[in-house]
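**Student:** First the structure, then my questions, so here it is.
The values are calculated or read from the model by the stated rules, or taken from the named source; none is laboratory data. In this text, all values refer to a predicted model and were calculated from it rather than measured experimentally. Every residue, glycine among them, receives a Cβ derived from its backbone with ideal geometry; neighbour counts consider all protein chains shown. When the accessible area is computed, the model is the full protein with side chains, heavy atoms only, and any ligands, DNA or RNA have been set aside. Shrake-Rupley method; radii C 1.70, N 1.55, O 1.52, S 1.80 Å.
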Amino acid sequence: DAGVTQSPTHLIKTRGQQVTLRCSPKSGHDTVSWYQQALGQGPQFIFQYYEEEERQRGNFPDRFSGHQFPNYSSELNVNALLLGDSALYLCASSSDRASYEQYFGPGTRLTVT
Amino acid sequence: KQEVTQIPAALSVPEGENLVLNCSFTDSAIYNLQWFRQDPGKGLTSLLLIQSSQREQTSGRLNASLDKSSGRSTLYIAASQPGDSATYLCAVPYNFNKFYFGSGTKLNVKP
């Protein structure tokens, strides 16, 4: 049983560019959450997708957007990249029917130059 | 809004010691609390999940307790080993779906 997978592993972008990160949830999970983790900090909640809709959102600007597909996989899009967007982006999957326990992917390291 | 604090921020102990990591949260209306381990540059590995109706959970050398009324959880690691060196994070959900993390405790177990 594959766990949560994310792609790509690493990414380098230039300020002002746009980026798309991808996540496939653990088998049987229908909910995907995205987090941003700056160096030395705990993960910060960006948003959560359930039934192809954004269900909850953290304190992030509209430059951060997402999508969930019918197979429950998800994308995180960030527009007009800033240097401060450099971070580890983590995807977590869970199931509303399984106590909300979260399982995390390995993350995508985004560097903005 | 939920705020999560972890103390200490860093801890260095000799191998074999028993140790306690602390997590506190401001809103006690939580559904569960989850402890994670993170190795440098890696994703998070779930260690223990405590439901709000439970007071503790155990897995091997790890024991986590939860006191909702005081807004605290502790992670107890018995007989620490160098392989336990990592950052330990606690997370609580707010409104069921919005998870808040502490900044973590960075543990170093010296051989």
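**Student:** Which one of these is in contact (Cβ under 8 Å) with a residue 24 or more places away in the chain and either surrounded by fewer than 21 Cβ atoms within 10 Å (Cβ to Cβ) or out of contact with any Gly (no Cβ under 6 Å at 6 or more places or on another chain) (or both): A:GLU75, A:GLU54?
**Tutor:** Being in contact (Cβ under 8 Å) with a residue 24 or more places away in the chain and either surrounded by fewer than 21 Cβ atoms within 10 Å (Cβ to Cβ) or out of contact with any Gly (no Cβ under 6 Å at 6 or more places or on another chain) (or both) holds for just one of A:GLU75, A:GLU54, which is A:GLU75.
Quick grid of which residues meet (1) in a strand (DSSP E or B); (2) in contact with a Lys or Arg (Cβ under 6 Å, 6 or more places away or on another chain); (3) farther than 18 Å from A:ALA92 by Cα:
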{"position": "B:LEU11", "(1), (2), (3)": "yes, no, yes"}
{"position": "B:SER28", "(1), (2), (3)": "no, yes, yes"}
{"position": "B:LEU33", "(1), (2), (3)": "yes, no, no"}
{"position": "B:ARG37", "(1), (2), (3)": "yes, no, no"}
{"position": "B:GLN54", "(1), (2), (3)": "no, no, yes"}
{"position": "B:GLY83", "(1), (2), (3)": "no, no, yes"}
{"position": "B:LEU89", "(1), (2), (3)": "yes, no, no"}
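**Student:** State all residues of the stretch A:70-113 that are hydroxyl-bearing (Ser, Thr, Tyr), more than 13 Å from A:LEU11 (Cα to Cα), outside any loop (DSSP other than H, G, I, E, B) and within 13 Å of chain B (Cβ to nearest Cβ); if no residue qualifies, say none.
**Tutor:** Across the stretch A:70-113, the qualifying residues are A:SER93, A:SER94, A:TYR103.
**Student:** Just the residues that are open to solvent by 50 Å² or more (accessible area, probe 1.4 Å), in contact (Cβ under 8 Å) with a residue 12 or more places away in the chain and within 25 Å of B:ASP27 (Cβ to Cβ), please, taken from the stretch B:38-64.
**Tutor:** B:GLN54, B:ARG55
**Student:** Give me the residue from the stretch A:28-51 that is farther than 15 Å from A:ALA92 by Cβ and in contact (Cβ under 8 Å) with a residue 40 or more places away in the chain and, out of that set, most open to solvent (accessible area, probe 1.4 Å).
**Tutor:** For the stretch A:28-51, the residue satisfying everything is A:LEU39.
**Student:** Tell me yes or no: at least one residue of the stretch B:65-81 is at the interface with another protein chain (Cβ under 10 Å from one of its Cβ atoms), crowded, with 17+ Cβ neighbours inside 10 Å and either hydrophobic (A, V, I, L, M, F, W, C) or farther than 25 Å from A:GLN36 by Cβ (or both).
**Tutor:** Scanning the stretch B:65-81 turns up no residue that is at the interface with another protein chain (Cβ under 10 Å from one of its Cβ atoms), crowded, with 17+ Cβ neighbours inside 10 Å and either hydrophobic (A, V, I, L, M, F, W, C) or farther than 25 Å from A:GLN36 by Cβ (or both).
**Student:** Still on this structure, I have one more. Which numbered condition in (1) part of a loop (DSSP other than H, G, I, E, B); (2) under 24 Å from B:PRO40 (Cβ atoms); (3) among the aromatic types (Phe, Trp, Tyr) is the only one that A:PHE60 fails?
**Tutor:** Every listed condition holds for A:PHE60 apart from (2).
**Student:** Take the residues in the stretch A:1-24 that are modelled with pLDDT under 95 and not aliphatic (A, V, I, L, M); name whichever of them is surrounded by the fewest Cβ atoms within 10 Å (Cβ to Cβ).
**Tutor:** That would be A:ASP1.
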